[in-house]
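Heads up, the thing below is written out as structure tokens.
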Amino acid sequence: MYCYQCEETALHSGCTVKGVCGKRESTAGLQDLLVFVVRGMAWYGEALTGLGLGDRTHDSFIRRALFSTITNVGWDDTRFVALIEEALERRNALRRRFLERTGASWAEPLPEAATWHAPALAFAAKAADVGVLATENPDIRSLRELLVLGVKGIAAYAEHAAHLGYEKAEIGLFIERAMAATLRDLPADTLVALVLEAGHVAIAAMALLDEANTTTYGAPEISQVALGVRTRPGILVSGHDLRDLEELLRQTEGTGLDVYTHGEMLPAHAYPALKKYPHLAGNYGGAWWQQTQDFEAFQGPILMTTNCLVPLRQDNTYLDRLYTTGVVSYEGAHHVADRPEGGAKDFSALIARARQCPPPTALEAGQLTIGFAHQQVLALAGAVVEAVQQGAIRRFVVMAGCDGRHRARTYYTEVAQTLPQDSVILTAGCAKYRYNKLDLGTINGIPRVLDAGQCNDSYSLALIALALKDAFGLEDINELPVSYDIAWYEQKAVAVLLALLALGVKGIRLGPSLPAFLSPAVAQVLVERFHLRPIGSVDEDVAAMMAGA
Ligand code: FSO
Ligand code: SF4
């Protein structure tokens, strides 16, 4: 195996024996093979689109296939074997259509991803040939991977929007074009252009998801979220899928059960159509990487709707209380099937299990204030602009992104603590768990940590920056008193980063380390064009950011 798609990759180079995340070699190989066959699907898809025979019926499958290979999503090899088999069937259907139309008249040779076929028994052997290292030139490999990893993030966000009935053909068309491009001998410049285009598509995907979430559940509003527990048995919901949470809330109404959010599900408490449920009891536990302790203590069933699911430790006892759904899979856990057309998922088994469980053990007390997505912040725009003009707010620091296990991530806690009192932190994603429970105070009644929501709600932060630019009559987003100190971990964050670059944001600090999939030459392109840089020491970075650098 060779996997270097996340920030925690071994030796900051690549996981080659077993993932630092716990991914087995067999799973890594099947994921590579799935991506390979999806590339083959995309190759025909793009060709058929060019022939006026575009077929968007495979978009949903392609999104789910890519999403399932994101870090901490799919752990069950049997699910990947089934996905590869389905991908081969779909690719062959596209191939038949293509051959019917073109016969022998197509000039370009067919890539292997478009023709290879074998039964499941041969998947493991083939996987060894189709991974990251199949591309020899390190810079082309780096650009192809940057593109594919950004596309994985885009696919995930677009899939969430699709669950709420929001789809855009342009996203599917781009995914098809980008994946097909990785099968061609393209010059580096063409790949760089595709990577930058991926940033624009990432903005489109996050905008679509924002529209889907806010149209369905209302605009997030300032809300208090309890961190303690109640006395009744509970269900813990993690991941990012709001529709799963909503269906579970409906099905648990009047059952005597409470529902708690975990990790990236925290922002659900700010949506009017979700917070209205009195049994949405609070937020439980810390960031994703602490879940083996938190899930153990919870005592009731846990529903994982998306990443991040981590492998259980040997002494964990919650496998029988673990429920996966959607693209998430884990050997030995229960899986809640997809919703039937026009219907809802059936959570009855999980609910029955919850009734037999004791209530959760309290981990914390107190509450958090959340709900600062773009609509809410723009409603406060007058006060914010005034605070800047009076000098009460000197700087905004965008600290969006992911949390992770690495000790170096204490940097983000320390930055939050070191930033002076006249600065405001804008956050989104699970990165916030490094500082959202510190008491950092308020400025003119505005909290010093404004939490816009999930990682995809980084879109909100971009809208806020654009609105501030207009409010101050500035030409360029980079003239704002805003610095970017982003933490990344997995591939959704790659999409968010590309989106920020596409918006023209310069001088982003990225940590705790730059991606291993950036070759020195590709990293240099990002440094030169966008002044992207790694994080430094806390004191130096805080001083530089406050000075506008
Ligand atoms: Fe975090 Fe995990 Fe949302 Fe990620 S829970 S790390 S960027 O999956 O998706 O922020
Ligand atoms: Fe390694 Fe990250 Fe890949 Fe897991 S996802 S195998 S930790 S690079």
Checking residue 417 against (1) closer than 24 Å to residue 261 by Cβ; (2) of a type in the set (S, T, N, Q); (3) open to solvent by 60 Å² or more (accessible area, probe 1.4 Å), which test does it fail? (1)
Given the residues 36, 80, 67, which is the only one that is within 16 Å of ligand 1 (Cβ to nearest atom), in a helix (DSSP H, G or I) and out of contact with any His (no Cβ under 7 Å at 6 or more places or on another chain)? 67
Just one of 115, 102 is in the same structural domain as residue 28 (by TED's automatic domain parsing), among the hydroxyl-bearing types (Ser, Thr, Tyr) and under 32 Å from the mean Cα position of the chain (by Cα); which is it? 115
Let me confirm something: among 91, 101, 95, 79, which residue is more than 11 Å from ligand 2 (Cβ to nearest atom), farther than 18 Å from residue 153 by Cα and modelled with pLDDT under 95? 101
Selection count where residues are open to solvent by 50 Å² or more (accessible area, probe 1.4 Å) and either charged (D, E, K, R) or part of a helix (DSSP H, G or I) (or both), scope region 526-541: 6
Return only the number of the condition from (1) closer than 13 Å to residue 368 by Cα; (2) buried (at least 21 other Cβ atoms within 10 Å of the Cβ) that residue 286 does not satisfy. (2)
Residues being open to solvent by 30 Å² or more (accessible area, probe 1.4 Å) and part of a loop (DSSP other than H, G, I, E, B): count how many of those fall in region 1-28. 8
Is it the case that some residue within region 501-509 is farther than 23 Å from residue 420 by Cβ, within 26 Å of the chain's Cα centre (by Cα) and outside any loop (DSSP other than H, G, I, E, B)? yes
Filter pass, residue 506 being charged (D, E, K, R), within 16 Å of ligand 1 (Cβ to nearest atom), in contact with a helix residue (DSSP H, G or I) (Cβ under 7 Å, 6 or more places away or on another chain) and touching a residue at least 12 places away in the same chain (Cβ under 8 Å): no
Do we find a residue being under 18 Å from the mean Cα position of the chain (by Cα) and within 12 Å of ligand 2 (Cβ to nearest atom) anywhere in region 39-61? no
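For the condition within 16 Å of ligand 1 (Cβ to nearest atom), out of contact with any strand residue (DSSP E or B) (no Cβ under 8 Å at 6 or more places or on another chain) and over 25 Å from residue 19 (Cα atoms), what is the one hit in 242, 236?
It is 242.
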Scope region 272-283; condition open to solvent by less than 10 Å² (accessible area, probe 1.4 Å) and under 21 Å from residue 215 (Cα atoms); matching residues: 274
Does residue 280 meet the test of being more than 14 Å from residue 457 (Cα to Cα) and more than 20 Å from the chain's Cα centre (by Cα)? yes
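Only one of 31, 5 is under 19 Å from residue 126 (Cα atoms) and modelled with pLDDT of 95 or more. Can you tell me which?
On the way: 5 fails: under 19 Å from residue 126 (Cα atoms).
From the options 31, 5, the qualifying one is 31.
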Picking from 94, 88, 99, 133, which residue would you name as being in contact (Cβ under 8 Å) with a residue 60 or more places away in the chain and out of contact with any Ser or Thr (no Cβ under 8 Å at 6 or more places or on another chain)? 133
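Of the residues that sit in region 472-494 and are charged (D, E, K, R) and in a helix (DSSP H, G or I), which one is nearest to ligand 2 (Cβ to nearest atom)?
Per the criteria, the residue is 492.
Being of a type outside the set (Asp, Glu) and open to solvent by less than 10 Å² (accessible area, probe 1.4 Å), is that true of even one residue in region 51-62?
yes
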Selection from region 4-33 of residues closer than 16 Å to residue 141 by Cβ and either within 16 Å of ligand 1 (Cβ to nearest atom) or acidic (Asp, Glu) (or both) yields 5, 9, 32
Qualifying positions in region 334-358 - assigned to a loop (DSSP other than H, G, I, E, B) and of a type in the set (Gly, Ala, Ser): 337, 342, 343, 344
Just one of the numbered conditions (1) within 17 Å of residue 509 (Cα to Cα); (2) more than 27 Å from the chain's Cα centre (by Cα); (3) of a type outside the set (A, V, I, L, M) is not true of residue 432; which one? (2)
For residue 497, which of the numbered conditions (1) under 25 Å from residue 154 (Cα atoms); (2) open to solvent by 10 Å² or more (accessible area, probe 1.4 Å); (3) part of a loop (DSSP other than H, G, I, E, B) fails to hold? (3)
Does residue 494 satisfy being in contact with a helix residue (DSSP H, G or I) (Cβ under 8 Å, 6 or more places away or on another chain) and either closer than 20 Å to residue 543 by Cα or without any contact (Cβ under 8 Å) to a residue 40 or more places away in the chain (or both)? no
Listed residues 93, 118; which is in a loop (DSSP other than H, G, I, E, B), surrounded by fewer than 18 Cβ atoms within 10 Å (Cβ to Cβ) and not aromatic (Phe, Trp, Tyr)? 118
On the basis of being among the polar types (S, T, N, Q) and touching a residue at least 24 places away in the same chain (Cβ under 8 Å), does residue 537 make the cut? no
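The values are calculated or read from the model by the stated rules, or taken from the named source; none is laboratory data. What you see is a predicted model; the values in this text were computed from it and never measured. Glycine gets a Cβ as well: all are built from the backbone with ideal geometry, and neighbour counts include every protein chain shown. With ligands, DNA and RNA removed, areas are computed over all heavy atoms of the protein, side chains included. Shrake-Rupley method; radii C 1.70, N 1.55, O 1.52, S 1.80 Å.
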